[in-house]
Structure formats: structure tokens, C-alpha cells
Amino acid sequence: MTFILAAAGSAVGLGNIWRFSYMVGESGGAAFVLVYLACVALVGLPVLVSEWLIGRRGQKNPINTMAELARKGGHSQAWTLIGISGVVAAFLILSFYSVIGGWSLSYTLGSVTGAFSGKDADAIGGLFNGLLASPGKLLLWHTAFMLLVVFIVARGVTKGLEGAVRTMMPALFILMVVLVIYGMTTGHFGEAMSFMFNPDWSALSGGVVLAAMGQAFFTLSLGMGIMMAYGSYLGEDVDLISTARTVIILDTLVAILAGMAIFPIVFANGLSPGEGPGLIFVTLPLAFGNMTGGTILGLMFFVLLTFAALTSAISLLEPVVEFVEERTPLTRVPATLIAAVAVWALGIAALMSFNVWDAPVAFGLNVFDLLDTFTSKFLLPLTGLGAIVFAAWCLDRESVHRELSLGATGNALWHATSRYIAPIGVIFVFVGGLL
Ligand code: PHE
């Protein structure tokens with residue numbers, strides 16, 4: 001149970017609510033949702049189980065785990081790259097994640113002061129654009145969010161968070177259901193459902209499929225060695241497949257509920273689903289501003305969203321801190337500070353992408369989009385691919401079968417999925433997305 005809470009604490013975050021909904025909106029709706037669900041099941045599950053399998057054997061941080069397992073099995077030390085690219089990905093992701101965490105903090109304050117009550121779509125949009133246009137405000141909130149993360153990580157109290165996850169996660173869940181019910185009263189619920197679940201396959205391109213796969217990795221915290229690190233805490237008796245299934249179902253439900261809550265508001269107010277990263281910030285305050293009890297529900301929502309973002313952010317900073325601790329003589333607190341300052345500094349470049357530095361820096365993308373795209377479309381899928389290939393081809397097959405205790409059919413299925421279906425799928429999507 002503790003393990004499920006820790007894994008879900010990392011998995012459920014801004015990715016489920018903020019990123020999922022804006023990606024769905026930008027990528028044309030249902031076709032993206034269905035491909036995403038397929039990726040979660042066919043790639044996400046086997047990669048998650050593979051990371052845990054590796055982590056449980058290695059009993060160390062991802063880099064050392066990979067080094068040791070590769071050495072023991074007589075494989076190339078190049079496998080260590082999986083651990084290294086995981087640390088790099090965590091570092092890059094946290095830099096822009098913290099900017100969005102800052103938005104959530106800022107909206108928490110906005111809910112307290114009643115900034116959204118009774119406002120129409122234009123006014124709410126204006127508030128959001130005002131935030132984006134101000135590098136000073138964004139910096140303030142980004143800094144505040146990073147400080148919270150640093151405080152928790154430096155004190156090493158991450159374990160103490162499980163109790164909080166245990167109550168906050170169900171609360172977030174219930175609130176999402178309340179928002180979905182509100183969505184049903186807008187008169188545009190049917191339209192939203194059809195947008196999310198009735199696919200227009202012509203919206204699909206290689207790029208969209210790659211984006212959907214990237215989202216699957218992002219939302220499940222895969223391809224960063226994070227789940228591998230967690231795997232080292234797993235007892236021998238834990239059933240990996242059913243645990244993975246639980247975490248994935250929880251994570252996916254939160255995302256789907258978020259979509260079902262947000263799109264009715266989009267259509268009811270004549271907003272564009274392709275609004276971009278601001279989508280939840282221009283839709284949900286509208287709902288809170290106009291429903292009974294909205295002020296308190298809005299406050300609760302943004303507190304819970306910030307909390308979910310924090311538990312994910314902690315899991316992103318942790319591997320970077322461990323890396324610094326291991327490679328330098330620094331102890332925990334200075335290592336945390338150094339790692340956090342570096343992340344924070346990169347975050348400043350990311351937040352300037354919304355105002356003073358929105359010019360493309362490479363591949364036609366600004367810093368924020370570049371960080372997001374490079375991690376979710378490249379680093380995560382490739383690192384995840386490495387993990388599954390290693391687990392399927394380099395770990396002793398017999399012992400893996402024993403460990404997963406699946407029976408003959410299950411073993412054959414696992415074997416086929418982990419050796420062929422998932423890796424070939426990832427390569428296919430990856431290459432298709434680039435062409
Ligand atoms: N999975 C988290 C989310 O969906 C983000 C995250 C990614 C956390 C990678 C840790 C590692 O918000």
C-alpha cells in the first residue's frame with residue numbers, strides 16, 4: 001500500500017490534469033485519447049514493470065543499478081546511459097514543471113482572494129494572460145514552488161508524505177468527479193464526450209501518435225529511472241503486474257476525469273480546445289467562479305493540484321540530488337540546494353518563453369516547448385525503450401518468469417510483449433513521429 005501511494009504520488013500530477021487536457025485539445029481530441037490509452041496499456045505497463053524488475057534486482061540508484069546488472073550479466077557498460085539519461089530528463093522536466101507548479105500556486109492564492117468569482121470567459125482569460133505576460137510574477141511563483149520542493153527534499157521527509165498522499169489523492173479524485181458533474185450541467189457535456197471519445201482519425205499523424213506516447217511516459221513517470229529507484233524498495237513478495245495495473249488505472253482515471261471536466265466548460269464558453277498550456281487555467285476558474293460553493297471548491301482544487309504537483313516534483317528532484325551527492329563530496333542539504341538552483345535557473349529561461357523571450361531557439365520552438373518536446377518525445381521514450389529491452393533481453397528469463405509468477409500463457413504473453421510488441425511499437429512510433 002505504501003509503495004502504491006509513493007508510485008501514485010509521483011505519477012499523478014500536473015501531467016494528468018494540466019498536460020493531458022491541453023495535449024488532447026491541441027491534438028484533435030478522441031484520436032489522441034485512444035492512442036494514448038493504447039500506449040499506456042501496450043507500452044506503459046511493460047515499461048513500468050521492467051523498471052521495477054530492474055530496480056528490485058539492483059537495489060541501488062538507477063545509474064549504479066544499471067552498471068551492476070550489466071556487469072553481472074556480462075553486458076556492455078553502455079547500459080549505464082539509461083540511468084544517466086534518466087537524471088538528465090528529470091532535471092530538464094523539473095525546470096518547466098516548476099513553472100507550471102507556480103501557476104497552480106498563484107491560482108491557489110487567486111481562489112482565496114476570490115479573484116475568479118462571477119467572472120466571464122474574457123475576464124478569466126485576461127487574468128491568465130496577465131500572469132503570463134509578467135516575467136516578474138512568473139518568477140515569483142516559480143521560485144515559491146521550487147522553495148517548497150527544496151524544503152521537503154532537503155529535509156529528506158519524502159517518506160512522511162505518504163500519509164498526506166493517502167488523504168489528498170482521494171480528495172482530488174472526488175473533486176474531479178464534482179467537476180465532471182458540473183460539466184454535465186453546462187449543456188455541452190455530449191459535445192465534450194464526443195470530442196474526447198468519438199475519434200476523427202484524420203486528426204492523426206505520426207507527430208500526434210508520438211505526442212500521445214510521450215504523454216503516456218510523462219504521466220506514468222517512466223523513462224526517468226524514477227520508477228527504477230522506487231523498485232529498489234519493493235519487497236520480493238510484491239506482485240509487480242497487479243501493482244502496475246493499480247497505479248496505471250488510478251493515473252489514467254484522473255486524466256480522463258480531468259478531460260471530462262474541462263471540455264464541457266470549453267464548449268459551453270466558446271473557448272478553443274487548442275488553447276495550449278493555459279487550458280485548465282482559463283476553464284476551471286470559470287466553473288468555480290460560477291457554481292455554488294465555487295470559491296471553496298476552487299480553493300480546494302488548486303491546493304490539491306499544487307500538492308499533486310509537489311509530490312511529482314519531489315520525485316523529479318530526488319534523482320538529481322542523489323546524483324550530486326554521489327559524484328561530489330557534498331552532503332544532502334548543499335547537494336539539494338545546488339541541484340535546485342540549477343533547475344530553477346533553467347526554469348527562468350522556460351518562463352521567459354511566455355513573454356520576453358518567446359522567440360524560437362531551435363527547431364522552431366521556444367525554450368519551454370523545446371524542453372517539453374525534447375524530454376517527452378525523445379528522452380523518455382528512448383530511456384524507457386532501453387529499460388524494457390534490458391529487462392526483456394538481458395535479465396535471466398527464468399528468474400523473471402518466476403518473479404512475475406504468471407503461469408504459462410501469462411509468461412508467453414509477457415515474453416512477446418516485452419521482447420517484441422512494446423519495443424517495436426516504441427521504435428515504430430518514434431521513427432514515424434520524426435519523419
Ligand atoms: N508523472 C508526473 C505527472 O504526470 C510528472 C512526472 C514525470 C513526475 C516524471 C516524475 C517524473 O505530473
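No lab work stands behind these numbers, since they all come straight from the coordinates. Keep in mind it's a predicted model, so treat the numbers as computed, not measured. When we count neighbours, we look across all protein chains shown, and the Cβ atoms used for this are built from the backbone with ideal geometry, even at glycine.
Here are some notes:
- What the Kirkwood sum gives for the chain is a hydrodynamic radius of 21.9 Å, with every pair of different alpha carbons counted.
- 0 to 90° range, to nearest 10: angle between helix 30-39 axis and the chain longest Cα axis: 20
- Extending 7 Å from the Cα toward the beta-carbon at both Leu365 and Ser76 defines two label points whose distance is 2.6 nm.
- Euclidean distance of C-alpha centroids, region 135-181 and region 363-415, integer Å: 28
- Remark: relative contact order (the chain) = 36 percent; criterion is Cα-Cα distance under 8 angstrom and separation of 6 or more residues.
- In summary, the aspartates and glutamates within cross-link reach of Lys72, defined as a Cα separation below 12 angstrom excluding same-chain residues under 8 places away, comprise Asp396.
- Convex hull volume per residue, computed on the Cα atoms of region 326-435, equals 166 Å³.
- If you sort the three axes of the alpha carbon gyration tensor as a ≥ b ≥ c, you get a/c of 1.5 or more for region 173-226 and a/b no higher than b/c, which makes it oblate.
- Angstrom value of the Kirkwood radius, inverse mean 1/r, which spans all Cα pairs in region 363-406: 12.6
- Gain in span if fully extended, Asp358 to Ser134, counting 0.36 nm per residue against the direct Cα distance: 79.4 nm
- Farthest toward the positive end of the dipole of region 1-125, out of Tyr97, Ile54, Leu14, is the Cα of Ile54, where the dipole comes from beta carbon charges about the Cα centre.
- Cβ-Cβ FRET estimate between Ser272 and Ala345, R0 fixed at 35 Å, reported to 0.05: 0.60
- Calculated from backbone phi, Karplus (6.51, -1.76, 1.60) coupling profile of region 123-128 in Hz, x at Gly/Pro: 5, 5, x, x, 4, 5
- For region 368-379, the Karplus equation 6.51 cos²θ - 1.76 cosθ + 1.60, evaluated at θ = phi - 60°, returns couplings of 4, 5, 5, 4, 5, 5, 4, 6, 6, 8, 10, 4 Hz by residue, with Gly and Pro reported as x.
- For region 55-214: span of alpha carbons on each principal axis (Å, largest first): 64, 46, 34
- For the chain, built as a Gaussian network whose Cα springs stay under 10 Å, the top-fluctuating residue of Gly384, Gly274, Gly29: Gly274
- In terms of the mean number of neighbouring beta-carbon atoms within 10 Å, the peptides 344-354, 325-335, 206-216, 90-100 order highest first as 90-100, 206-216, 344-354, 325-335.
- In percent, rounded to a whole number, the relative contact order of region 129-266 is 46, using alpha-carbon pairs under 8 Å and six or more apart.
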